[in-house]
């Protein structure tokens with residue numbers, strides 16, 4: 001059985017979040033949580049919360065042992081981009097893209 005959790009519209013670009021997601025893909029949940037706790041990236045905190053939520057889904061719904069779970073799937077997709085403007089020289093304006101991402105974590109029993 002597989003349990004899934006999703007974080008939508010996370011205020012980080014998908015490219016930056018994928019760096020952290022690649023670190024924990026395929027790891028046991030307990031090892032992944034300890035690694036994410038000490039990873040000095042903004043995405044590490046976001047992914048850690050999603051992994052904890054997926055772990056909670058698994059243990060609450062069917063009482064699975066926490067030590068047998070591993071991260072079977074973790075994907076980071078692009079979300080909608082908010083567009084803002086900032087003034088530049090000689091009356092021009094430059095677009096600022098505030099990118100978002102959708103993070104999906106699935107855990108499975110080994």
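Read the figures in this text as sums done on the coordinates, not as results from a lab. Since this is a predicted model, take the numbers as computed values, not measurements. Neighbour counts are summed over all protein chains in view; Cβ atoms, including those assigned to glycine, are modelled from backbone coordinates with ideal geometry.
Highest first, please rank the peptides 53-62, 37-46 by the mean number of other Cβ atoms sitting within 10 Å of their residues.
53-62, 37-46
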(message) Let me make sure I get this right: for region 1-58, a, b and c are the square roots of the gyration tensor eigenvalues over alpha carbons, sorted descending. Under 1.5 in a/c it's rounded, otherwise prolate if a/b > b/c, else oblate. Which is it?
(response) oblate
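At a threshold of 8 angstrom on Cα-Cα distance, excluding pairs fewer than six apart, so keeping six or more, what relative contact order does the chain reach in percent?
43 percent
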(request) Could you tell me how many degrees, from 0 to 90 and to the nearest 10, lie between the Cα long axis of helix 14-24 and the main elongation axis, the longest principal axis, of the Cα atoms of the chain? (result) 20 degrees
(request) Rounded to the nearest 10 degrees, what's the angle between the helix 42-62 long axis and the longest principal axis of the chain, both from Cα atoms, 0 to 90? (result) 30 degrees
(message) Less than 15 Å from a label point 7 Å out along the Cα-to-Cβ axis of residue 97: which backbone N atoms in region 36-80 qualify, by residue?
(response) 77-80
(request) Using a Gaussian network model of the chain whose springs link C-alpha atoms within less than 10 Å, name the residue from 64, 76, 50 with the highest mean-square fluctuation. (result) 64
